[in-house]
């Protein structure tokens with residue numbers, strides 16, 4: 001993949017949260033490189049409660065990292 | 001999404017816990033933007049023990065972050 | 001919900017563990033506010049090994065937070 | 001429950017690991033207080049690979065806490 | 001296995017993220033040493049949304065470690 | 001069990017990773033003490049993608065602990 005992650009610093013907590021979402025998604029892209037297959041899977045799991053909760057858990061784990069990198073935006 | 005997360009600081013641990021719940025829910029909203037579909041899914045997982053436990057786990061992960069950001073309200 | 005979490009400090013590790021259990025349960029209560037439904041679900045998951053293990057994992061995650069907040073009761 | 005957790009300090013990493021196992025089990029006991037039911041469930045999940053892996057994950061989470069409490073036995 | 005992990009230091013966050021992916025995969029290789037079986041399984045889970053989310057969670061956990069090792073590339 | 005864990009210190013990150021794998025496996029051995037049953041289960045989960053991913057997650061959690069104990073081998 002080309003450069004997509006040059007820093008964990010963000011201006012605001014919300015941008016940090018959105019970075020966490022990107023990290024969660026990009027890990028999937030490394031395992032399933034086809035955008036078409038990922039798009040098809042997205043339609044399925046976006047209507048499945050347990051998949052959405054699991055996705056939210058991955059974001060939470062990355063948000064811990066991003067928040068620490070930004071000293072919790074204190 | 002418009003601005004919804006400007007700080008991780010809260011006055012009390014309980015407000016921090018409620019912020020953790022909001023973080024868990026908003027990650028879902030980024031993946032499933034339709035409020036109608038989320039409302040429909042909510043009826044399902046709110047009556048499923050394993051889904052509720054999984055939700056509680058996501059909250060626990062975010063609460064770690066929020067608690068650290070507030071120096072554990074010491 | 002009324003005030004239920006005013007501090008993460010506890011006198012002993014065991015009280016901290018019991019606080020972690022309360023945190024795990026209260027996150028569920030925010031998602032499923034009906035005590036009757038929660039009581040009904042409890043009968044089901046309390047006899048399911050995988051649900052009990054998942055519950056124990058949530059407690060473990062909260063116990064990390066509570067232990068850190070108490071400087072590990074050193 | 002009577003007093004069962006008075007300190008997170010242990011003499012060795014192995015004792016800390018065994019404390020982590022006890023923490024994982026005791027969280028289950030708070031949710032399912034019947035020793036007979038827990039014993040029956042144990043026979044089931046002790047022969048199920050996924051249940052054993054999930055149990056191992058809970059122990060890993062508690063071991064993080066116990067290891068930090070002991071400054072990693074440095 | 002021969003030497004494959006001599007340092008957790010990386011030049012950039014992205015290289016750290018790719019190291020996290022390698023760590024997640026190599027843990028699997030220790031448990032399932034056959035490259036043929038792993039390749040076969042890969043075709044299955046790379047088209048399964050829940051498996052991909054679970055994989056992403058493992059990467060997130062390792063990325064916490066790698067990011068801390070690099071002081072978040074500050 | 002006899003002494004099997006006397007220190008979390010390792011010379012290299014790779015040895016730390018292999019210690020994390022041992023920790024993940026030994027937690028299972030405390031719950032299922034029979035080597036024959038564990039061997040039988042291993043044949044099953046080593047060919048199941050989701051079980052392998054779950055195993056990898058447990059290793060990742062222990063690797064966080066071991067890496068911290070070694071100050072990330074800096």
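No value in this document is a laboratory result; all are computed from the given coordinates. Just so you know, these numbers come straight off a predicted model, no measurement behind them. Cβ atoms come from the backbone with ideal geometry, glycine included; neighbour counts cover every protein chain shown.
Ranked for footprinting exposure by Cβ neighbours inside 10 Å, fewest first, D:73, A:4 give A:4, D:73. Using 17 Å as the cut-off for backbone N distance, which residues of segment A:32-74 belong to the label zone defined by a point 7 Å from the Cα of residue A:11 along Cα→Cβ? Answer for this model: A:70, A:73-74.
Distances between copies of residue A:74, taken at a point 7 Å out from Cα along the Cα→Cβ vector and listed shortest first: 1.0, 1.0, 1.7, 1.7, 2.0 nm.
Cα centroids of segment C:18-74 and segment F:13-61: 26 Å apart. Secondary-structure-derived ellipticity at 222 nm for chain A, considering helices only, amounts to -23000 deg cm²/dmol, per-run term -39500 (n - 2.57) for DSSP H runs with n ≥ 4.
When each of the peptides A:57-70, F:17-30 is scored by how many other beta carbons lie within 10 Å of its residues on average, the order from highest to lowest is A:57-70, F:17-30. Helix B:49-69 axis versus longest C-alpha principal axis of chain B: approximately 20°, rounded to the nearest ten.
Over the protein assembly as shown, the Kirkwood radius and the radius of gyration, each from Cα atoms, give a ratio Rg/Rh of 0.93.
Distances from residue F:29 to itself in the other copies, using label points 7 Å out along the Cα-Cβ axis, amount to 2.5, 2.5, 4.3, 4.3, 4.9 nm in increasing order. If you plug the beta carbon distance of residue E:74 and residue D:42 into 1/(1 + (r/R0)^6) with R0 = 51 Å, you get a FRET efficiency near 0.60.
With no solvent and one point per C-alpha, what does the Debye sum give as log10 I(q)/I(0) for segment E:9-49 at q = 0.14, 0.20, 0.22 Å⁻¹? So the normalised log intensities are -0.42, -0.71, -0.78. Compared with the dominant Cα axis of chain A, that is its longest principal axis, helix A:13-31 is turned about 40°.
For residue F:12, the point set 7 Å out from Cα toward Cβ sits 2.7, 2.7, 4.7, 4.7, 5.4 nm from its twins in the other copies, listed from shortest up. Mean projected area of the convex hull spanned by the Cα atoms of chain D, taken over all viewing directions: 5.4 nm².
Seen against the Cα atoms of chain C and their longest principal axis, helix C:35-45 is set at about 90 degrees.
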